[in-house]
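The structure that follows is given in the form of structure tokens.
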Amino acid sequence: MNTGQTTLSLKTMIEDLAKIGQTDDGGVTRLLYTSEWFQAQQTIKDWFDEQGLTPFFDDIGNVYGRVEGTNKEEPAVLTGSHIDTVVNGGKYDGAYGVLASLVAVSELVKEHGQPKRTIDVIAFCEEEGSRFPLNFWGSGKLTGIHEGKDYHSVRDIHGKSFIDAMHEKGFGLGHFQDPLRNDVACFVELHIEQGAILEDAGETLGIVKSIVGQRRFIFTVTGESNHAGTTPMNKRKDAMSVASQLVHKLIQTGHEMDDHFVATVGQMTVTPNTPNVIPGKVDFTLDIRHHRSTTLDTYHEHINTFVKELAGSDVGISVQQYSDVVPVDMEESLQAIAHDYAKQQQLSYRYMYSGAGHDAQILGAAVPTCLLFVPSVKGISHSPYEFTNHSDLQVGVSALKHVIYQLAYK
Ligand SMILES: NC(=O)NC(NC(N)=O)C(=O)[O-]
Ligand SMILES: [Zn+2]
Ligand SMILES: [Zn+2]
């Protein structure tokens with residue numbers, strides 16, 4: 001294992017990575033199995049290699065940088081985040097955690113040599129669920145939550161097959177190595193907060209106690225396309241009319257739940273999507289989240305009621321739930337390592353919950369996991385305006401480095 005050849009600049013790497021998939025207004029779009037995604041994963045692999053970490057892919061496109069430990073038989077310390085983004089997202093969501101893990105591990109090896117336990121830095125191939133109706137693909141295949149599920153019928157909104165897209169980028173069963181792992185001791189993820197709690201409180205580090213549960217659905221409302229000018233209002237099978245009533249009920253009920261509950265209709269496809277044609281079909285997504293599964297269950301009952309109320313002989317409604325991730329607590333002993341560091345360094349910090357989903361909640365259901373936040377300016381995320389001050393980025397790296405040191409060297 002040779003130590004890293006060049007001094008790493010986190011800021012430079014964040015900016016360079018953000019050029020891959022950069023949008024006209026300075027955002028980033030890097031969707032799973034697109035050319036931008038592929039270029040980014042190859043770049044990460046090269047950066048791992050340049051820093052003396054042994055790079056390798058698994059069959060679905062997760063990319064690792066490994067530092068072998070002296071105790072090879074012990075399970076590995078895993079650290080990293082996701083490389084994919086939402087459409088026109090920010091340059092920090094996911095990418096910061098991957099690059100911060102690289103910087104932290106590279107510095108640890110330079111300062112302390114070979115760790116006792118193997119350290120794997122990972123760039124998960126997909127977390128957001130932005131292209132295909134599935135999410136946590138990378139971390140979920142590592143822990144096995146996707147086992148037994150058939151994704152051959154999964155397509156993006158343009159009709160591109162998920163499996164074909166994976167194969168076209170050179171991935172698939174037997175291409176590299178099985179993504180499923182049972183040799184991970186723990187996982188540590190550093191991420192931007194994507195909310196304004198830390199900034200509003202003037203604090204620099206968030207130690208996450210728990211991550212909310214989330215469920216995602218696709219609703220398909222089916223009526224009949226017809227002429228916008230010659231079809232009387234009482235003769236229409238208008239999919240948009242029913243879909244808009246359903247969306248209103250779903251959002252309005254979200255407001256009526258408790259303040260921690262969120263419901264989002266983020267994606268909608270109208271068919272044939274033509275100004276002078278009554279929509280024959282409307283597909284839209286629903287994302288709901290809460291830290292209690294029972295509250296999600298209650299809202300789920302409302303969904304069933306609304307569908308029964310609004311579906312009729314003229315216009316049908318089908319609902320497909322494609323994601324169901326339970327709320328997950330982070331490991332208290334790992335939280336304590338971060339807490340002791342924050343106290344020792346006299347950092348302003350807080351324990352907090354995460355309203356955003358994270359690979360840490362998938363790993364956290366399988367192994368002891370720690371998730372740390374740094375502030376997001378104005379709490380903005382999933383936007384080209386996503387930003388975190390450089391000093392805060394560095395505090396995050398130092399805290400991450402301390403936690404990894406305790407787990408891999410002590
Ligand atoms: N860190 C994230 O932005 N995660 C996002 N992605 C998932 N899968 O939750 C989200 O929407 O919260
Ligand atoms: Zn995100
Ligand atoms: Zn993220």
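Is it true that some residue in the stretch 166-180 is farther than 30 Å from VAL77 by Cβ and either part of a strand (DSSP E or B) or not polar (S, T, N, Q) (or both)?
Filtering the stretch 166-180 for residues farther than 30 Å from VAL77 by Cβ gives 167-168.
Keeping just the survivors that are either part of a strand (DSSP E or B) or not polar (S, T, N, Q) (or both) gives 167-168.
Yes: the stretch 166-180 contains one or more residues that are farther than 30 Å from VAL77 by Cβ and either part of a strand (DSSP E or B) or not polar (S, T, N, Q) (or both).
Which of the helices (runs of 4 or more DSSP H) contained wholly in the stretch 283-392 include at least 2 residues that are out of contact with any strand residue (DSSP E or B) (no Cβ under 7 Å at 6 or more places or on another chain)? Let's see the steps before the verdict.
Working: elements: 293-310, 332-344, 359-363.
Here the list reads 293-310, 332-344.
Taking the residues in the stretch 129-174 that are farther than 19 Å from ASN62 by Cβ and of a type in the set (S, T, N, Q) as candidates, determine which candidate is surrounded by the fewest Cβ atoms within 10 Å (Cβ to Cβ).
Step one: filter the stretch 129-174 for residues farther than 19 Å from ASN62 by Cβ, giving 133, 148, 150, 152-153, 155-161, 164.
Restricting the remaining residues to those that are of a type in the set (S, T, N, Q) gives 153, 161.
On the way: SER153: 8, SER161: 16.
Among those that are farther than 19 Å from ASN62 by Cβ and of a type in the set (S, T, N, Q), it is SER153.
Given the criteria within 16 Å of ligand 2 (Cβ to nearest atom) and assigned to a helix (DSSP H, G or I), does GLY129 qualify? Show your work before the answer.
Details: within 16 Å of ligand 2 (Cβ to nearest atom): yes; assigned to a helix (DSSP H, G or I): no.
No: the conditions fail for GLY129.
Still on this structure, please answer the following. Can you find, within the stretch 79-102, the residue that is farthest from ligand 3 (Cβ to nearest atom) among those that are crowded, with 24+ Cβ neighbours inside 10 Å and of a type in the set (A, V, I, L, M, F, W, C)?
Result: LEU102.
If we scan the stretch 165-173, do we find a residue that is touching a Leu at 6+ places or on another chain (Cβ under 9 Å) and within 16 Å of ligand 3 (Cβ to nearest atom)?
No, there is no match, as no residue in the stretch 165-173 is touching a Leu at 6+ places or on another chain (Cβ under 9 Å) and within 16 Å of ligand 3 (Cβ to nearest atom).
Which number in (1) in the same structural domain as LEU246 (by TED's automatic domain parsing); (2) under 25 Å from the mean Cα position of the chain (by Cα); (3) without any contact (Cβ under 8 Å) to a residue 40 or more places away in the chain marks the one condition that SER333 misses?
Answer for SER333: the failing condition is (1).
Taking only the stretch 150-199 into account, find how many residues are of a type in the set (A, V, I, L, M) and more than 17 Å from LEU134 (Cα to Cα). Don't jump to the end; show me each part of the working.
So in the stretch 150-199, the residues of a type in the set (A, V, I, L, M) come out as 154, 157, 163, 165-166, 173, 180, 184-185, 188, 190, 192, 196-198.
Add one more test, that the residue is more than 17 Å from LEU134 (Cα to Cα), and what stays is 173, 180, 184-185, 188, 190, 192, 196-198.
Number satisfying all stated conditions: 10.
Further, regarding this structure: State which residue is farthest from the chain's Cα centre (by Cα) when the search covers only the stretch 196-212 and only residues that are surrounded by fewer than 22 Cβ atoms within 10 Å (Cβ to Cβ) and not in a helix (DSSP H, G or I). Steps first, answer last, please.
Of all residues in the stretch 196-212, those surrounded by fewer than 22 Cβ atoms within 10 Å (Cβ to Cβ) come to 196-197, 199-203, 209-210.
Within this subset, residues satisfying the condition of being not in a helix (DSSP H, G or I) are 196, 202-203, 209-210.
Values: ALA196: 19, GLY202: 26, GLU203: 24, LYS209: 18, SER210: 16 Å.
This residue is GLY202.
Out of the stretch 357-378, which residues are surrounded by fewer than 22 Cβ atoms within 10 Å (Cβ to Cβ) and out of contact with any helix residue (DSSP H, G or I) (no Cβ under 9 Å at 6 or more places or on another chain)?
The first filter runs over the stretch 357-378 and keeps only residues surrounded by fewer than 22 Cβ atoms within 10 Å (Cβ to Cβ), leaving 365-368, 377-378.
Within the stretch 357-378, no residue meets the criteria.
Which of the strands (runs of 3 or more DSSP E) contained wholly in the stretch 1-120 include at least 2 residues that are of a type in the set (Ser, Thr, Tyr) and at pLDDT 95 or above? Even if it seems obvious, please write down each step before you answer.
Details: elements: 54-57, 63-67, 76-82.
Qualifying strands (runs of 3 or more DSSP E): 76-82.
Which of (1) without any contact (Cβ under 8 Å) to a residue 60 or more places away in the chain; (2) closer than 24 Å to GLY129 by Cβ; (3) not in a helix (DSSP H, G or I) is the odd one out, the single condition THR274 does not satisfy?
Single failed check for THR274: (2).
Same structure, new question: Starting from the stretch 374-386, take each residue that is closer than 13 Å to MET352 by Cβ and list its partners that are within 14 Å of ligand 3 (Cβ to nearest atom) and assigned to a strand (DSSP E or B), counting only C-beta distances under 7 angstrom and pairs at least six apart or across chains.
Pairs that qualify, where the first residue is closer than 13 Å to MET352 by Cβ and the partner is within 14 Å of ligand 3 (Cβ to nearest atom) and assigned to a strand (DSSP E or B), are VAL374/ILE192; SER376/ILE192.
The values are calculated or read from the model by the stated rules, or taken from the named source; none is laboratory data. Quantities reported herein were computed from a predicted structural model and do not represent experimental measurements. Cβ: placed from backbone, ideal geometry, glycine included. Neighbour counts: every protein chain shown.
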